[in-house]
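See structure below.
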Amino acid sequence: MADRLKGKIAIISGGATGMGGASSLLFAAEGATVGVIDRNEEAGCAIVDQIVAAGGKAVFAAADVADAAQVNNAVAKVTSAIGQANVLFNHAGTIIIKPFLETTLKEWEWLMGINVTSMFLMTQAVLPGMLEMGGGSIVCTSSISAIAATPLETAYNTSKGACHMFARSIAVEYRDRGIRCNAVCPGFVATPHGLREVAELQKLGVDASEEALAVQQGRLCKPEEVANAALFLASDEASFINGAHLFVDNCFTAV
Ligand SMILES: NC(=O)c1ccc[n+]([C@@H]2O[C@H](COP(=O)([O-])OP(=O)(O)OC[C@H]3O[C@@H](n4cnc5c(N)ncnc54)[C@H](O)[C@@H]3O)[C@@H](O)[C@H]2O)c1
């Protein structure tokens, strides 16, 4: 085990699968005690079992991160089990791929709930304790979609624009009280979310072929490559990095 998060207590929303799952494993391997909060109970418990089997410490609490009561219960459950978190990774999120004019208000609100309101709820539940302890690090999953719009993803692109500014706003408001808040912004990543996105875009006629992806970012990103970036932002190695947007996209947004 390494120790870049030694002594840290980290809560990871959406920490059961994909980049969140890779982060749960990596944060624990780097010495953090991890609280996984996710709606996928089976995968969440499996990740926790894997961490514990490897000699790490982790607990799971089920919640729909768009639901205030469920978030508060899950954070309370995790906090009583492992203590007050000084690292929060707001990662849970999802996507809707369809033409803007076919997107219903219900779908729009559903997506904003999971991608944006979740950050509001999770951070409101965890930040007061961080402030009491004198500081902490918050990482929010944004996306290349915050600044580069993909067609048929208006609701998603908009939600990630909000994540971008949420991270910056928390940083600016709380930096004098020991809080860092940054966003990690992946390109296309080989996770259940990313693979479904690529398949659905292709089906609807948007070129998300291997060739197109090769031009944009060389290849699909691996979940572990994003977990490494989130780890850095969460750790004290990033002590003067605050309000930043760290793109993990192999130049997708650079050209
Ligand atoms: N995969 C990509 O290409 C890509 C690129 C940029 C950003 N992202 C962002 O990454 C996140 C998706 O994660 P992933 O790619 O690791 O895929 P994923 O689908 O494997 O992981 C998402 C996790 O969030 C959980 N989750 C989803 N909705 C939830 C809810 N309402 N309540 C609680 N948990 C919920 C899922 O159960 C899952 O464990 C999203 O924030 C997405 O916007 C993904």
Original post:
Using +1 on the beta carbon of Lys and Arg, -1 on that of Asp and Glu, and nothing else charged, what's the dipole of the chain about the Cα centre, debye to 20?
Top reply: 460 debye
Subject >> Value of D in µm² per second that Stokes-Einstein yields for the chain, Kirkwood Rh from Cα pairs, at 20 °C (1.002 mPa s) >> reply: 119 µm²/s
Original post:
So what are the three principal axis dimensions of region 115-181 from its Cα atoms, in whole Å, longest to shortest?
Top reply: 44, 19, 13
Subject >> Ranked packing of 233-239, 29-35, most packed first, by mean Cβ within 10 Å >> reply: 29-35, 233-239
Original post:
K98: which aspartates and glutamates have alpha carbons under 13 Å from its alpha carbon, excluding same-chain residues fewer than 8 sequence positions away?
Top reply: E107, E153, E197, E200
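Helix-derived [θ] at 222 nm for the chain: sum -39500 (n - 2.57) over DSSP H runs of at least 4, divide by residue count, nearest 500?
Details: 9 runs with 117 residues, N = 255.
Calculated at 222 nm, the ellipticity per residue is -14500 deg cm²/dmol.
Among residues other than P99 whose Cβ falls under 14 Å from its Cβ, what is the net charge (Lys/Arg +1, Asp/Glu -1)?
On the way: positive: K98, K203; negative: E102, E107, E153, E200.
Result for the local shell: -2.
Sorting check: for 40-51, 57-68, which peptide has the highest mean count of neighbouring beta carbons within 10 Å, and how do the rest follow?
On the way: 40-51: 18.2, 57-68: 21.0.
Top to bottom by mean Cβ count within 10 Å: 57-68, 40-51.
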Original post:
For region 109-255, what is the relative contact order in percent, using Cα pairs closer than 8 Å and at least 6 residues apart in sequence?
Top reply: 29 percent
Subject >> For I95, residues with placed amide H under 5 Å, excluding near neighbours >> reply: none
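Determine the relative contact order of the chain: mean sequence separation of Cα pairs under 8 Å and six or more apart, normalised by residue count, in whole percent.
Values: 532 pairs, mean separation 49.2, N = 255.
That works out to 19 percent.
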Original post:
With helices defined as uninterrupted DSSP H runs, which ones in the chain have an alpha carbon span along their own long axis of at least 15 Å and mean Kyte-Doolittle hydropathy of at least -1.0?
Top reply: 18-29, 41-53, 68-82, 118-133, 154-174, 192-203, 223-234
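So for region 150-213, averaging the separation of alpha carbon pairs under 8 Å that are six or more residues apart and normalising by length, what relative contact order in percent results? It would help to have the intermediate numbers written out before the result.
On the way: 26 pairs, mean separation 13.8, N = 64.
Computed over region 150-213, the figure is 22 percent.
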Original post:
Measuring from the lowest to the highest alpha carbon on each principal axis, how far does region 144-219 reach, largest first, in angstroms?
Top reply: 47, 24, 21
**OP:** Please give every one of the lysines within straight-line cross-link reach of K57, meaning a C-alpha to C-alpha distance under 25 Å, and leave out same-chain neighbours fewer than 8 residues apart.
**Re:** K6, K8, K77, K222
Original post:
How do the peptides 93-104, 199-210, 117-128 rank, highest first, by the average count of neighbouring beta carbon atoms within 10 Å per residue?
Top reply: 117-128, 93-104, 199-210
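For region 188-255, how big is the tail of P(r) above 21 Å, as a whole percent of Cα pairs?
On the way: 785 of 2278 pairs.
Within region 188-255, distances greater than 21 Å cover 34 percent of Cα pairs.
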Original post:
Over the alpha carbons of region 1-87, what is the largest minus smallest coordinate on each principal axis, giving the biggest first in Å?
Top reply: 35, 24, 18
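Bear in mind these aren't lab numbers, they're just calculated from the coordinates by the rules spelled out. All values reported here derive from a predicted model rather than from experimental measurement. Virtual Cβ from ideal backbone geometry, glycine too; neighbours counted across all protein chains shown.
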